[in-house]
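Q: Structure below; questions to follow.
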Amino acid sequence: MERLDLAGVLRRIRRCADLSQRQLAETIGISKSSVAGAESGRAGLDARILDRAAAAAGLRLALLDAGGREVPPMAAGAVRDRGNRRFPAHLDVRYGDEDWWHGEERYAREQPWYTFDRLRYTRDHWRERTGTADDHRLPRPGDSPAERAAARREAVRRQREEEHRRRLEAGELRSSEDFVCACPPRCDELDDWSGRPVHTEDCPCSCDIG
């Protein structure tokens, strides 16, 4: 892959901006010798300075892949950890309730909203199965563990209702149009919606639709 020709880039910038080395140096706040050194190959140039030089000519810096296509920077608004720090760029961020999330200490710490796999073989395994995302995920409403758990329970509840309706229409159950669930709130608190409905010992209803 072709490497950056810093000297040629600077000369292109000066030509587009119609600036001498001294004028460019004054525009971007560095010495004339720094510009001359970079153009001659004797010295380098900080990327932030090069970015200012490009902007002076109405240009911008960009990353290109092997096919010449521009590659955007990673999203500034991507999810962060509980300390508001960015996750390591080379790792794949996932929800904290997907698979296990913190090795041997997972039960001793509060479940995070997002986490990642540190082990290379684990990352390679999932990348082979699901591919490699271009970026870290962006925050979305409903990302908290509690909201995701509630969404799963609601999905199971809807599935149960659909199954109950299907069985009624198939004649597998007696019609219960007048049925009203009398389960107390404690039943919902006990039920994790992972299987058959759970009821308190004194529940007067004990229905099978939750």
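Q: Which helices (runs of 4 or more DSSP H) does segment 94-206 wholly contain that include 1 or more residues that are under 30 Å from Pro73 (Cα atoms), modelled with pLDDT under 90 and open to solvent by 60 Å² or more (accessible area, probe 1.4 Å)?
A: Once the helices (runs of 4 or more DSSP H) in segment 94-206 are filtered for at least 1 residues that are under 30 Å from Pro73 (Cα atoms), modelled with pLDDT under 90 and open to solvent by 60 Å² or more (accessible area, probe 1.4 Å), what remains is 120-130.
Q: Do you know which residues across segment 66-93 are part of a loop (DSSP other than H, G, I, E, B) and touching a Phe, Trp or Tyr at 6+ places or on another chain (Cβ under 8 Å)?
A: Ala78, Val79, Asp81, Arg82, Phe87, Pro88, Leu91, Asp92
Q: Pairs needed: first member in segment 54-73, under 20 Å from Asp135 (Cα atoms); second member anywhere, part of a loop (DSSP other than H, G, I, E, B) and among the aliphatic types (A, V, I, L, M); C-beta distance under 9 Å; at least 6 residues apart or different chains.
A: Listed pairs, sorted by first residue: Leu64/Met1; Asp65/Met1; Ala66/Met1; Glu70/Ala62; Val71/Ala62; Pro72/Ala62.
Q: Residue by residue through segment 74-83, note down the ones that are free of Cβ contacts under 8 Å to residues at least 12 places away in the same chain and either open to solvent by less than 70 Å² (accessible area, probe 1.4 Å) or among the hydroxyl-bearing types (Ser, Thr, Tyr) (or both).
A: Across segment 74-83, the qualifying residue is only Gly83.
Q: Output the residues belonging to segment 17-55 that are in a helix (DSSP H, G or I), open to solvent by 70 Å² or more (accessible area, probe 1.4 Å) and more than 24 Å from Asp65 (Cβ to Cβ).
A: Hits for segment 17-55 are Arg22, Gln23, Glu26, Thr27, Lys32, Ser33, Arg52.
The values are calculated or read from the model by the stated rules, or taken from the named source; none is laboratory data. As the structure is a prediction and not an experimental result, all values here were calculated from the model. Positions of Cβ are backbone-derived with ideal geometry, glycine not excepted, and every protein chain shown enters the neighbour counts. Accessible surface is based on the protein model in full, side chains and every heavy atom, while ligands, DNA and RNA are left aside. Shrake-Rupley method; radii C 1.70, N 1.55, O 1.52, S 1.80 Å.
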